[in-house]
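Remarks on the structure that follows.
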Amino acid sequence: MAGQSHQAAVVEFDHVTKRYDAPTGKESGKPTPGAVNDLSLTVPAGKICILVGPSGCGKTTSLKMVNRLIEPTQGRILIDGVDAGTRELTELRRSIGYVIQQIGLFPHQTIGDNVATVPRLLGWPKARLRERSEELLAIVGLDPAKYRDRYPSQLSGGERQRVGVARALAADPPIMLMDEPFGAVDPIVRDRLQNEFLRLQETIAKTILFVTHDIDEAIKMGDLVAVFQTGGILAQFGSPLDILAAPASEFVARFVGQDRGLKRLSLLRVSDVPLQPAVTARPGDSAADARRRALDDPQRYLLVIDANNRPLGWVAHGDIPAEGTITETMPNPVSPTVNKRTTLKDALSMMLDADVQTGIVVDRAGAVQGLLTVAAIATKMREGEHAPAFDDLGALGEAESEAGPGEIDPNLDAGAADQAAIEQGTV
Amino acid sequence: MPPGTKIFDPSWVFSHLPSIWERIVQHLQLTAVPLALGIVISLVLAIIAIRRPVTYGPVTAITGLLYTIPSLAAFALLRPIFGLSLLTAIIPLTTYTLLILFRNFTAGFNAVPAEILEAAEGMGYTRRQRLLRVELPLAVPLIIAGIRLASVTTIGLATVAAVLGDAFGGLGQLITEGIQGFFPTKYLLGAALSVLLAFAADVLFVRLERVITPWSRARAGAR
């Protein structure tokens, strides 16, 4: 059953083109909305690939060519190496989960029957249909006893969207196609549905093609992101971090937004940055020894901790007495504490709020693991960064310095900038 | 009206219950058969029209034209062919239902939201499965609305079939006899029963719709 299954398929677009006849009277040669131009990309099994781009860029067309609601003009789509065009149409579609923005639940069927749609088409016995739909309602967080016999009109938008996902999963398909699945619900519900879906994907591990026009959703949800531009051209295909760090063209840079540095920070976590050791002492320890050690440390601060290694606060080395012992009253209040799962964006924000250069990283028990410095975040941001060589460089550079107070130089690597310029020329 | 005749004579009614009942049965037959035929023909035409939208215009034009033929003229035209038979009554009564039914049925199919059709297609319904399990059930409210209208119209119109004779004349026969025999009880009764029948049919179809579309009741009593 889907809850335990890890069945997924590789989806490969092989030089896929879709042309629409230009509306009469319009200039030929101009791309028609929804057209796709020589698309080649491979989505590995079990990954979420987001197709993102402005409206009319061909992202939905590309999605619908997988379950052949639209047939390609040229090229093939291979599912685990088999050309989808050669498969029997209804059999193909029943093996692919399909979720659309308007959900399209059948208003005349109960929630239970809606969820069991594809298994019913596949001729499963009645008892198993019921069992399966109850199982799936539970998976998407809806109490089967409460929802099974209701009709779609009795559900809220968020609940309906969950039912839509359950319905798409019903026959345990190796592939899911999701066309702006969370586009019609309010931002708070959307955020919750996105998080729930990511958690669900951890267990079901389907191959998912997911269309959105929202770059933030793309970055949040995608293992891979395919950025489309008008004319059905694939502008860039890569991980969200790659795309944010090194947009392949001016179009991509503009599309991901001037705050792409901040967006990267929201994808990176404290665990991605090397932590610095802290100079620590407990109340009762020798002040002279602590003073010497603090002086040797570039930070020149002493972190006072309790018996369980929990931070009590900072003491500047000049404030440490030359003799006697460390006391509990010495330290100033602690700077923000973060854990390894905290995003760099949140960590940085906390440090800016507290007006400090250093955050204390603690484990679940609150024990000190090390220090996170603004400088370390800045160094991390420099990794993998290709300085963009586009016209709006200035604006992007400004965004960058906002993101990393540790002075990220947008032109830090002239070689990388040249490289990007060359790549841009060939796009 | 001869002097001394009562406007309405209940004692006549009570003494003629079996023959009145027979007229009611005849009338139901005169209504139900054309209605059933009309539903089948219109459903087929409507399904063709949603698959091939070009046919919608011509079908509307033809059924509209048929609707304009006066019923008496239609009986007169068909009498040389089918004689004073039930068929002569049923053919025009059937054609009169087509315009209303066809237009309501196509409206019902067209009212099914596009995203529901797309979801059905994307999940692997065959065309036939989609028609029978999705489009038809969702078109039911407008289909029933058409049937209600057609049944009420046909019940009224069927009284004219009395011109075709006593054998299957229905309530129209009562009315005609009442007028010709200056006997108000008969035509008043005929008219009243026709109205009651139309009313009953309407109630019946409203009930039927409620029974076969439980989801629309769920909406009314939301959450």
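The values are calculated or read from the model by the stated rules, or taken from the named source; none is laboratory data. It should be emphasised that the depicted structure is a prediction, and the values quoted were computed from it without experimental measurement. Note: ideal-geometry Cβ built from the backbone for every residue, glycine included; neighbour counts use all protein chains shown.
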- Pick from segment A:173-209, criterion farther than 19 Å from A:Leu136 by Cβ and part of a strand (DSSP E or B), ranking: nearest to the other protein chains (Cβ to nearest Cβ): A:Asp179
- Conditions: (1) surrounded by fewer than 22 Cβ atoms within 10 Å (Cβ to Cβ); (2) at pLDDT below 90. A:Gly238 meets all but one. Number of the miss? (2)
- Message: So in segment A:231-287, with the set limited to residues that are more than 16 Å from the chain's Cα centre (by Cα) and among the hydroxyl-bearing types (Ser, Thr, Tyr), which one is farthest from A:Ser55 (Cα to Cα)?
- Response: A:Ser286
- Task: Check segment A:201-211 and report whether any residue there is in the same structural domain as A:Ile48 (by TED's automatic domain parsing) and more than 21 Å from A:Leu63 (Cβ to Cβ).
- Result: yes
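Yes/no matrix, rows are residues, columns are (1) in contact with a His (Cβ under 9 Å, 6 or more places away or on another chain); (2) closer than 30 Å to A:Ile103 by Cβ; (3) at pLDDT 95 or above; (4) among the acidic types (Asp, Glu):
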| position | (1), (2), (3), (4) |
| --- | --- |
| B:Glu121 | no, yes, yes, yes |
| B:Ala139 | no, yes, yes, no |
| B:Ser151 | no, no, yes, no |
| B:Thr159 | yes, no, no, no |
| B:Ala162 | no, no, no, no |
| B:Ala192 | no, no, no, no |
| B:Ala201 | no, no, yes, no |
| B:Thr213 | yes, yes, no, no |
| B:Arg217 | no, yes, no, no |
- Of A:Pro144, A:Pro152, A:Pro181, the only residue that is touching a Ser or Thr at 6+ places or on another chain (Cβ under 9 Å) and under 22 Å from A:Ala45 (Cβ atoms) is A:Pro181
- (1) within 14 Å of another protein chain (Cβ to nearest Cβ); (2) buried (at least 21 other Cβ atoms within 10 Å of the Cβ) all hold for B:Thr88 apart from (1)
- Item | Members of segment A:77-112 found to be in contact (Cβ under 8 Å) with a residue 40 or more places away in the chain, within 8 Å of chain B (Cβ to nearest Cβ) and assigned to a helix (DSSP H, G or I), listed by number | A:Arg94
- Task: Tell me which of these B:Phe182 doesn't satisfy, since it passes every other one: (1) in a helix (DSSP H, G or I); (2) away from chain A (no Cβ under 14 Å).
- Result: (1)
- Task: Looking at (1) in contact with a helix residue (DSSP H, G or I) (Cβ under 8 Å, 6 or more places away or on another chain); (2) part of a loop (DSSP other than H, G, I, E, B), find the lone condition where A:Gly123 falls short.
- Result: (1)
- The lone exception for A:Arg254 - which of (1) outside the structural domain of A:Glu217 (by TED's automatic domain parsing); (2) assigned to a helix (DSSP H, G or I); (3) not small (Gly, Ala, Ser) it fails: (1)
- Message: Here is a check on your reading of the model: is B:Ala107 free of Cβ contacts under 8 Å to residues at least 12 places away in the same chain and either under 24 Å from B:Val152 (Cα atoms) or surrounded by fewer than 19 Cβ atoms within 10 Å (Cβ to Cβ) (or both)?
- Response: no
- Could you identify the single residue in A:Val189, A:Val211, A:Val185, A:Val227 that is in contact (Cβ under 8 Å) with a residue 24 or more places away in the chain, in contact with a Gly (Cβ under 7 Å, 6 or more places away or on another chain) and crowded, with 23+ Cβ neighbours inside 10 Å? A:Val227
- Message: So A:Pro125 passes all but one of these: (1) over 12 Å from A:Val163 (Cα atoms); (2) of a type outside the set (Lys, Arg); (3) facing another protein chain (nearest Cβ under 8 Å). Which condition number does it fail?
- Response: (3)
- Item | Odd one out for A:Thr117 among (1) touching a residue at least 60 places away in the same chain (Cβ under 8 Å); (2) within 12 Å of chain B (Cβ to nearest Cβ); (3) in contact with a helix residue (DSSP H, G or I) (Cβ under 7 Å, 6 or more places away or on another chain) | (1)
- From the set of residues in segment A:193-208 that are of a type outside the set (A, V, I, L, M) and either without any contact (Cβ under 8 Å) to a residue 12 or more places away in the chain or surrounded by fewer than 20 Cβ atoms within 10 Å (Cβ to Cβ) (or both), which is nearest to A:Pro54 (Cα to Cα)? A:Gln194
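Based on what the data block shows, is A:Arg292 part of a helix (DSSP H, G or I) and of a type in the set (Lys, Arg)?
Yes: the conditions hold for A:Arg292.
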- Note on the structure: Residues of segment B:43-82 being more than 26 Å from B:Leu142 (Cα to Cα) and without any contact (Cβ under 8 Å) to a residue 12 or more places away in the chain, in sequence order, are B:Pro70, B:Ala73, B:Ala76, B:Leu77, B:Pro80, B:Ile81, B:Phe82
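If you go through segment A:45-76 one residue at a time, how many are part of a loop (DSSP other than H, G, I, E, B), of a type in the set (A, V, I, L, M), within 14 Å of another protein chain (Cβ to nearest Cβ) and in contact (Cβ under 8 Å) with a residue 40 or more places away in the chain?
Total satisfying the criteria: 1.
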- How about segment A:136-153: which of its residues are in a helix (DSSP H, G or I) and either within 32 Å of the chain's Cα centre (by Cα) or away from every other protein chain (no Cβ under 12 Å) (or both)? A:Leu136, A:Leu137, A:Ala138, A:Ile139, A:Pro144, A:Ala145, A:Tyr147, A:Pro152, A:Ser153
- Residue check for A:Ser133: among the hydroxyl-bearing types (Ser, Thr, Tyr), assigned to a helix (DSSP H, G or I) and either more than 10 Å from chain B (Cβ to nearest Cβ) or surrounded by 19 or more Cβ atoms within 10 Å (Cβ to Cβ) (or both): yes
- Message: Just checking, does segment A:48-58 include any residue being surrounded by 15 or more Cβ atoms within 10 Å (Cβ to Cβ), in contact with a Lys or Arg (Cβ under 6 Å, 6 or more places away or on another chain) and modelled with pLDDT of 85 or more?
- Response: yes
- Message: Among the listed residues B:Trp12, B:Trp21, identify the single one that is aromatic (Phe, Trp, Tyr), in a helix (DSSP H, G or I), in contact (Cβ under 8 Å) with a residue 60 or more places away in the chain and surrounded by fewer than 16 Cβ atoms within 10 Å (Cβ to Cβ).
- Response: B:Trp12
- Message: Need the failing condition index for A:Val334 against (1) modelled with pLDDT of 85 or more; (2) within 24 Å of A:Ala375 (Cβ to Cβ); (3) aliphatic (A, V, I, L, M), just the number.
- Response: (1)
